[in-house]
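First comes the structure, then the notes that go with it.
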Amino acid sequence: MTSARTRARLVERLRTSGISDETVLSVIGEVPRHVFVDQALAHRAYDDVSLPIGHNQTISQPYIVARMTELVLGGAGRSKVLEIGTGCGYQTTVLAQFYKTVYSVERIGGLARTARERLSQLGVHNVRLRHGDGSKGQPEAAPFDAILITAAAPIVPESLIEQLTIGGRLVFPVGTSDQELRMIERLEDGHEETRLEKVRFVPLLPGLA
């Protein structure tokens, strides 16, 4: 179920779906997605689907993880990235292969603890994970080369743009029932927003759980 052949099929499916960054595809093929889901769902880990991870949350489908990663990597640099919504830690692990330091915030304590354990088991040591409210970003660690939000904001999170370095990118889903993936790139004299494809994410919520 988790063989090299199974992973290769997933990578080829993503390539056919439009993911063109070969380094991203290579990392998707190497990161063991089955480690991040319940053992009962391990046989579906390399299907291009989202799966439940408890706490009414999901692990994003591989296409979305690859797409969002590809988008943020087109920005300023590879020093610091902020991920809002650690979840099970799968997207976190993918980002950790590209950035010197990954700052990741998870509001649900149970998910944060499990993700921390998984990252340690996999030898991923360049992630600074905290249990907290990520809806306001992490201004004390800014500026970031990229910010990635793995839950849907009801409106464009303007305050996070200020936490980007010039040339940095914010990639996030926005909307409630009708959601859309967007990318904002910070410029010297403002920012540029790009509207992308329709998506489906859990909502971005404030506070701790």
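For segment 123-209, state what percent of all Cα-Cα pairs lands in each successive 5 Å bin, counting from 0 Å until the bin that includes the largest distance.
Percent of pairs per bin, in order: 3, 14, 24, 23, 20, 12, 4, 1, 0.
Any idea what Rg and Dmax come out to for the chain if you just take the C-alpha atoms, in Å?
In order Rg, Dmax, the Cα atoms of the chain give 15.8, 51 Å.
Return the long-range amide H neighbours of Leu51 (sequence gap of 5 or more, or a different chain), with a cut-off of under 5 Å between placed amide H atoms.
HN-HN under 5 Å from Leu51: Ile59.
May I ask for the net charge around Pro173, where only other residues with Cβ less than 14 Å from the Cβ of Pro173 are counted and Lys, Arg are +1 while Asp, Glu are -1?
Charge balance near Pro173 sits at 0.
Whenever you get a sec, compute what percent of the accessible area on segment 62-198 sits on carbon and sulfur atoms (1.4 Å probe).
46
Of the peptides 6-12, 117-123, how do they stack up when ordered by the mean number of other Cβ atoms within 10 Å, highest first?
6-12, 117-123
In square angstrom, what is the accessible area per residue of the chain with a 1.4 angstrom probe?
46
For segment 181-198 and segment 118-146, compute the distance between their C-alpha centroids and round to whole Å.
Cα centroid of segment 181-198 versus Cα centroid of segment 118-146: 22 Å apart.
Each residue of segment 41-51 in turn: what ³J(HN,Hα) in whole Hz from Karplus with 6.51, -1.76, 1.60 and θ = phi - 60°, glycine and Pro shown as x?
Once rounded to whole Hz, the list reads 9, 4, 5, 10, 4, 9, 7, 7, 9, 7, 9.
For the chain, what does the relative contact order come out to in percent, with C-alpha contacts under 8 Å and a separation of six or more?
16
Between Leu205 and Arg5, take the C-beta separation as r, use R0 = 45 Å, and let me know the FRET efficiency to the nearest 0.05.
0.70
Regarding segment 1-122, what are the three Cα extents along the principal axes, ordered largest first, in Å?
In descending order, the Cα extents are 39, 37, 24 Å.
Out of the DSSP beta bridges found with both residues in the chain, what percent are antiparallel (nearest 5)?
Of the beta bridges lying entirely in the chain, close to 45 percent run antiparallel.
Set the Förster distance to 25 Å, then compute FRET efficiency between Asp133 and Ser79 from the Cβ-Cβ distance, nearest 0.05.
Working from the Cβ atoms, E equals 0.55.
Under 15 Å from the Cβ of His34, count the other residues' Cβ atoms, weight Lys and Arg +1, Asp and Glu -1, and hand me the total.
+2
The values are calculated or read from the model by the stated rules, or taken from the named source; none is laboratory data. Just so it is clear, the model here is predicted, and its values are computed rather than measured. Cβ atoms come from the backbone with ideal geometry, glycine included; neighbour counts cover every protein chain shown. Heads up: the accessible areas ignore ligands, DNA and RNA and are worked out on the full protein's heavy atoms, side chains in. Shrake-Rupley method; radii C 1.70, N 1.55, O 1.52, S 1.80 Å.
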